[in-house]
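As structure tokens, the structure follows; a few thoughts come after it.
The values are calculated or read from the model by the stated rules, or taken from the named source; none is laboratory data. Remember, predicted model here, so these are calculated numbers, not experimental data. In this analysis, Cβ positions are derived from the backbone assuming ideal geometry, glycine residues included, and neighbour counts consider all displayed protein chains.
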Amino acid sequence: MTSIDNSVEDRLEPLVARLSARSIADRFNPYEYFRWPESLPEDAFWMNRELLTVHGTQAETELSEADLMRLSRWESLHFYSLNIHGIRELIAEVVNRIHTPGHEKVSPFFHHFLGEENEHMWYFAEFCRRYGKIYPDRSLKTSAITDPLVANVLAFARIQIFEEIVDYFNVALGKNEALHPFIREINTIHHRDESRHIAFGRNIVSVLYEELRAKGSAEAVREVEDYVARYVAVSIQSLYDPQVYRDAELPLNAYALRRSLLADPARKAVHAKILQRPVSFLLKQGILSKQVDV
Amino acid sequence: MSVSMTVESAESVLVDFLRQSAPEGIELGPDVDLIDQRVVDSLGFLNFIFMIEELVGEPIPIDTINVDDFRTLRRIREKFLAKLG
């Protein structure tokens, strides 16, 4: 359906070989590996305090320690749910491309990517099912993008942005010695696989964008920038969910809280920190011409 | 926000919200297809849902409804805003 120019594709072959070898070397069986605790303590933080959507705001000072612990539980379940739904999307994009014309050279790594992402989705879903619930996917599926060059860039740009935002959380959660060891472990393991996927994602976005610049119209290039900037902003906004605030039984109006948090300058600084790596990459590639205001 | 809302005032807030994302030249009449006309797209949908929920003061059970319920202002009024009475 969509194709990568052969000369562009050749450049990815050594990377594909290297990453595939690393995938094989790091292979493990998550279905057997994890020792799932019967339960996780409710009177403890499930997420770093600094990762909570209220951190640094007036709302945080109005909440009790118990409120914040409950919030950390439901925000972590929501975060893993976003992972599940994001992974479903990216698996679909890769499944639609594997072993199709133009994608021959990258397909060997697509197999590892699909296998690993399927496992990530399984263990995040298992976590949510065992210790709370899976928040539903509230996204709208539309297929407004018809230019295959644009669709290709956006498919992999979405994957790269999503994975880098998730990785920011995985690294912080994995390092936090105050968290339950199982929470640390599941995030550390996810980070290990994601480092390969991020390396692949950056490279494929780079070559696909180069192809778009060479063959696409100025309008197509603008369309990609507009979409990517909005996708970055929406990815951050989706972390703030009124249902989570209700589940955590916060003594505040869930919608007003969401609006006030998203408008809070303290949160904008946090967003900039979360987005620092992916947005720097997008700026360096020229995909974005300016910072995203979110 | 929903405490003193009427159907009309809620619809007016919603129209103002949609104007921010409406492509140039789109008049937000009651039967305009908001999705086909790209007033609401995949990236704007989440904030759109949250806006409707805030107006009516309760969550929308997204698993029991379909996208056609959000296509036009008329349908949104019938399906969601009407409960404001």
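Of note:
- Residues being free of Cβ contacts under 8 Å to residues at least 40 places away in the same chain and among the β-branched types (V, I, T) - total across segment A:128-142: 1
- The condition of being assigned to a loop (DSSP other than H, G, I, E, B), within 14 Å of another protein chain (Cβ to nearest Cβ) and within 23 Å of A:Y240 (Cβ to Cβ) holds for only one of B:V40, B:V13, that being B:V40.
- Selection within segment A:164-187 - surrounded by fewer than 17 Cβ atoms within 10 Å (Cβ to Cβ) and either touching a His at 6+ places or on another chain (Cβ under 9 Å) or within 14 Å of chain B (Cβ to nearest Cβ) (or both): A:V171
- Residue match in segment A:117-124 (condition: of a type in the set (D, E, K, R), surrounded by 15 or more Cβ atoms within 10 Å (Cβ to Cβ), out of contact with any Gly (no Cβ under 7 Å at 6 or more places or on another chain) and in contact (Cβ under 8 Å) with a residue 12 or more places away in the chain): yes
- Among the residues making up segment B:48-80, those that are part of a loop (DSSP other than H, G, I, E, B) and within 14 Å of B:V7 (Cβ to Cβ) are B:G57, B:F80.
- Exclusive hit being within 14 Å of chain A (Cβ to nearest Cβ) and within 22 Å of A:Y255 (Cβ to Cβ), set B:T64, B:T6: B:T64
- Some residue of segment A:237-257 being assigned to a helix (DSSP H, G or I), farther than 24 Å from A:A155 by Cα and in contact with a Leu (Cβ under 6 Å, 6 or more places away or on another chain): yes
- If you filter segment A:139-163 down to residues that are among the aliphatic types (A, V, I, L, M) and crowded, with 21+ Cβ neighbours inside 10 Å, you find that the one that is nearest to A:H85 (Cα to Cα) is A:I159.
- Test: residue in segment A:157-166 that is within 27 Å of A:L19 (Cα to Cα) and free of Cβ contacts under 8 Å to residues at least 24 places away in the same chain: no
- You will find that of B:L84, B:L43, B:L73, the residue that is surrounded by 14 or more Cβ atoms within 10 Å (Cβ to Cβ) and within 11 Å of the chain's Cα centre (by Cα) is B:L73 and no other.
- Test result for A:R49, modelled with pLDDT of 95 or more, more than 24 Å from the chain's Cα centre (by Cα), of a type in the set (K, R) and surrounded by fewer than 20 Cβ atoms within 10 Å (Cβ to Cβ): no
- For A:F200, the criteria (1) in contact with an Asp or Glu (Cβ under 9 Å, 6 or more places away or on another chain); (2) closer than 20 Å to A:A92 by Cβ; (3) at pLDDT below 95; (4) assigned to a helix (DSSP H, G or I) hold in every case but one, which is (1).
- Any chance A:H85 is farther than 27 Å from A:L154 by Cβ and within 25 Å of the chain's Cα centre (by Cα): no
- Restricting segment B:48-61 to residues that are in contact (Cβ under 8 Å) with a residue 12 or more places away in the chain and within 29 Å of A:Y227 (Cβ to Cβ), the residue that is nearest to the other protein chains (Cβ to nearest Cβ): B:E54
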